[in-house]
Structures are given as structure tokens and as C-alpha cells.
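The values are calculated or read from the model by the stated rules, or taken from the named source; none is laboratory data. Just so we're clear, the structure is a prediction, and the values are computed from it rather than from any experiment. Heads up, the Cβs are rebuilt from the backbone with ideal geometry, glycines too, and the neighbour counts pull from every protein chain shown.
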Amino acid sequence: MRTRRLLTIIALVAIIGVFLGLATGYVYRWRAPEDKKGAPAPGGPRPGTEPAPGQPGPTGPDPNGPNRPPPGPDQPIPPQVTPGPPVPVIDQLASAAGGTGAGAASTGAAGSAKRATKSIALTFDAGWVYDTTGELLDILDREGVRATFFLRAKWVEDHPDLARAIAARGHLVGDHSFSHQDMTRLTPEAREAELTRSEAVFQSVLGRKPTLFRPPYGAYDRVLLGELNSHGYRAAVMWTIDSLDWEEPGADKVGAKVLKNARDGAIVLMHIGSHDGLKALPAIIEGLRRDGYQFVRLDAIGG
Ligand SMILES: [Zn+2]
């Protein structure tokens, strides 16, 4: 009789155990995509929406990331330092966000509400390649275009003169992390080290810390956005149009992709080191000007 009751209890415990196991399994699977959100769909995020969950960024001959970083732990570990509230993720210029209330209306005095032309921002990411930087800066100078550069801090450390030239020639400089790893796959300690080392490099080479951050591979999560806040960044900057110049598909294709998708407030993603991008640039600038665009830096969302 006693063994029978004991067996019943063991059976019940086993059933409950299996049930709990299944339940947590489902919860885990249901939560996982939420935790991994942050990578843009191929072709960049849709305007006004968060990037869809998926693979973190493009794979292929990215001049800024030829090799994927080794995978870290799957689940983010709670950071040691409590991050602040998440910084906003920007994928277009605020002026084109549809007049979001007081902010847009109050800029009337500054003239931006009555802009005669449309605005567009060219952005260039730097990872490893550097030898085409001078040529790129010359084209932008010749065309009278000011852009925003997101520089990998190790690139800045290796080529301080180029980084200083970019800033001196009137372009805005943002941070593209220290070593260009998928930040969402790093431990909190490693992410902290990335941000701290970046800051130190920018501070010593350019005399100031950037306030805009472009996550490598476009991969971010809420924890990273909070950490960016506590490090004084104002926004994580994505893009509206991915030129895919790093695929080197031919200058014509790069140019057509940008011109076809151009719209007021768009942020265009290009790279230092893309030869097709460099070749396409004069035609891109000319075409956008013809279509009524003026070129702006991303000052409005940080600097
Ligand atoms: Zn990059």
C-alpha cells in the first residue's frame, strides 16, 4: 500500500516535471526572437519600423567585416552596470518623420519647416580599408557635400591622420565600435570594453567623443541601446537605403539603387573601401541634386 502511494507520487512528480519542461521550452522559444531583435532585413529597415528579427546583418565580402565574429553566448547576460533607458534608433532624418508635433512645428523659425528642397544624408562606414579615403574626401569636397562618417575606432587608431582629415574637411564623425563585432553577441564586459576603448581613441585623436553610434552589422538589442545611453550617445543610427556598395555589384547598380529609393529624409549607407561606391558617387550626388535634394549631416540627431 505504501509503495503504491509512493509510486503514485513519483508518477505525479514526473508528469508535473515534464509539463513544466515543455512549458519553459515554449516560453524560451517564444521569447528568443524578441531578445534577438536588431538586425535589419536585407536592403535595410523599413521606414518607421524596427528592423525585423533575423540574421545579424549581411554576410559576404563586406569591406568592413570580411569575417563573422565567433558566436558568443546565445542569451544576453544581465550587465553589471545598470544601463540607462534605451537611446532611440534612427533610420531617417527627424525632419522627414511626418512633423511629429511640437518639435517639428517649433523649428519653423530656423527655416527647416519651410525647406524648399528635400534633405538626404550620405553616411560612410569605415572598417578596415582606408586607401580610398583621400579620393572619397576629394569627391565630396569637389561636390560641396558634407556627410557623416561612422568610423571603427581601431581604424581611427591605425589611421589618425585620415580620421582628422575627415573631421577637418567638415564631415560629422560617429562611432562604429572599436573592433566591429556583433555587439549583441558579446558579454556585457566585452561590450563595455568596446565602448570604453572607442571613446578613448576618439577623444585622443579627435579631441571629442562621438554621440552617434552605428552598430556593426546593424545588430543591436535593448541592452546595447541602454548601454549607449549610459555612455552618452544620443542615438543608434541605422539607414533608410542600403547601397550594398560592399558587394561591388558595379557602379551603375549602386547608383541606381540609391537614386531609385531616394526620398526626403533618407539616410544612405555606403562604405569607405567600396570601389563601385566611389565610382558611383559623383553620379549619385548629381542625380540627387537634380531631383531637388540637399545633403545634410546627421547633426540634428547628435554630433
Ligand atoms: Zn561596418
Review point. Does residue 271 fit the bill of being over 20 Å from residue 87 (Cβ atoms), touching a Phe, Trp or Tyr at 6+ places or on another chain (Cβ under 6 Å), at pLDDT 95 or above and not basic (Lys, Arg)?
Key: yes
Check your understanding: If only one of 181, 203 is in a loop (DSSP other than H, G, I, E, B) and either assigned by TED's automatic domain parsing to the domain that holds residue 125 or hydrophobic (A, V, I, L, M, F, W, C) (or both), which one is it?
Key -> 181
Exercise for review: Go through the range 256-285 and give me each residue that's without any contact (Cβ under 8 Å) to a residue 40 or more places away in the chain and surrounded by fewer than 24 Cβ atoms within 10 Å (Cβ to Cβ).
Suggested key: 256, 257, 259, 260, 261, 276, 279, 283
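To keep it simple, each residue is scored yes or no on (1) within 16 Å of the ligand (Cβ to nearest atom); (2) part of a helix (DSSP H, G or I); (3) at pLDDT 95 or above; (4) in the same structural domain as residue 297 (by TED's automatic domain parsing).
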residue	(1), (2), (3), (4)
95	no, yes, no, yes
108	no, yes, no, yes
146	no, no, yes, yes
149	yes, no, yes, yes
156	yes, yes, yes, yes
Check your understanding: From the residues in the range 202-256 that are among the β-branched types (Val, Ile, Thr) and within 16 Å of the ligand (Cβ to nearest atom), which one is farthest from residue 170 (Cα to Cα)?
Key -> 241
Exercise for review: Only residues in the range 111-133 that are at positive phi and modelled with pLDDT of 90 or more count as the first member; pair them with residues that are within 15 Å of the ligand (Cβ to nearest atom) and of a type in the set (S, T, N, Q), Cβ under 7 angstrom, at least 6 apart or cross-chain, and list the lot.
Suggested key: none
